[in-house]
1. In the range 15-40, how many are outside any loop (DSSP other than H, G, I, E, B) and either in contact with a strand residue (DSSP E or B) (Cβ under 7 Å, 6 or more places away or on another chain) or more than 30 Å from Met256 (Cα to Cα) (or both)?
2. Residues to consider are Leu268, Leu281; find the one that is in contact with a Lys or Arg (Cβ under 7 Å, 6 or more places away or on another chain), of a type in the set (A, V, I, L, M), crowded, with 21+ Cβ neighbours inside 10 Å and assigned to a helix (DSSP H, G or I).
3. Cβ-Cβ under 8 Å, sequence separation 6+ or interchain: first residue in the range 226-239 and more than 22 Å from Ser170 (Cβ to Cβ), partner outside any helix (DSSP H, G or I). Which pairs?
4. Can you tell me which residue in the range 235-265 is surrounded by the fewest Cβ atoms within 10 Å (Cβ to Cβ), limited to those that are polar (S, T, N, Q) and more than 13 Å from Ala307 (Cα to Cα)?
5. Among the residues of the range 71-101, what is the count of those that are within 22 Å of Thr194 (Cα to Cα) and either charged (D, E, K, R) or not in a helix (DSSP H, G or I) (or both)?
6. Given the criterion of a type in the set (Ser, Thr, Tyr), touching a Lys or Arg at 6+ places or on another chain (Cβ under 8 Å), assigned to a helix (DSSP H, G or I) and closer than 25 Å to Gly115 by Cβ, identify the matching residue among Thr239, Thr302.
7. Determine, yes or no, whether Ala111 is closer than 27 Å to Val310 by Cβ and touching a residue at least 12 places away in the same chain (Cβ under 8 Å).
8. Cβ-Cβ below 6 Å, separation at least six or inter-chain, first residue in the range 195-207 and on the phi > 0 side of the Ramachandran plot, second charged (D, E, K, R) and surrounded by 19 or more Cβ atoms within 10 Å (Cβ to Cβ): which pairs?
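The values are calculated or read from the model by the stated rules, or taken from the named source; none is laboratory data. As the structure is a computational prediction, the values presented were derived from the model and not from experiment. Reconstructed Cβ throughout: ideal geometry from the backbone, glycine too, with neighbour counts over all protein chains shown.
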Amino acid sequence: MKGRILTYYLFLIVAVCMLSVMSVMLGTATPSDPSFEIIVLNIRLPRMAAALILGGGLSVSGYLLQVFFSNPIAGPYVLGISNGAKLVTALVFIVLAGYGIHLPYLGLVAASFAGAGIVTSAVLLVSRKTRRMSVLVLAGVMIGYICSSFTDFMVTFADDHDIADLHNWSMGSFSGMSREGVVISGILILAGLTAAMALAKPVEAYLTGETYARSAGVNIPVFRLMLILVSSLLSATVTAFAGPVSFVGVAVPHLMRRLFKTAKPLILIPACFLGGSAFCLLSDLIARLLFAPTELSISSVTAVLGAPVVISLLIRKRPDGR
């Protein structure tokens, strides 16, 4: 079993490395162009790093939400959490832009975290009213649509010249990432990943049932709060830097469970990070190159790749919808 798991880890690492190299080397500019080195250093490398870091963080965020709700369909985008983070971030950005104030990176993350927390609280209220998975998912989707509609309304009627950048961000994209942004997002994602790994043993106990987890010494209320906080930090960081990215948080954890054939968090959390990195690197390559020089939003590609996984999960659930 250990040999099989190591083989899968090696496969994911090789995939991430290959896709990273392709992300840096492939594009409309070629090595023969005079500006190729500048493009690689200032545009492609930060973008590749953003896809790698944020894609991995988003996948781990989805895994933690699935543990929290005991629901394989749970994820930051499906439950509307990413769109809630987008709404508050856009609102703060537009209000401050009206006064000529540009929000720093950490301010964007704080606004995104607040939005994620508000929507997560709303979803939690719904989850207490019903045990049906279909109702919870539908409520999350509707909340996400409401948040997205308000965001689009604000972006459409905003006057500031910086709104063009905000519009691109609101569609989901790893482009325009600076080196400073890579460093800050990397630190935040690393902190979230470290916290997730620290929760691995309580997660394993929790997966066997709350009764067993309590007997193993897990403080359930504190544990559940930590799951939400860590997941919100990861998804908020992704939304702040790349906008809402769809289906990664649902599809990748499911694919990693299928690949590794285990529920052990110590194995799945790193696997989800690597899988999310590879998934987003591939999606970003497709978004850049498929109709070059026209570029697709990253969520358009991740939806095409990830939505079939979500559909398969829904079909495989029991007839009662739980």
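1. 5
2. Selected residue: Leu268, the only one of Leu268, Leu281 that is in contact with a Lys or Arg (Cβ under 7 Å, 6 or more places away or on another chain), of a type in the set (A, V, I, L, M), crowded, with 21+ Cβ neighbours inside 10 Å and assigned to a helix (DSSP H, G or I).
3. Listed pairs, sorted by first residue: Met226/Leu199; Leu227/Leu199; Val230/Leu199.
4. Filtering first and then ranking leaves Thr262.
5. 3
6. Thr239
7. Judged against the criteria, Ala111 is not a match.
8. Listed by first residue and then by second, the contacts come to nothing, as the list is empty.
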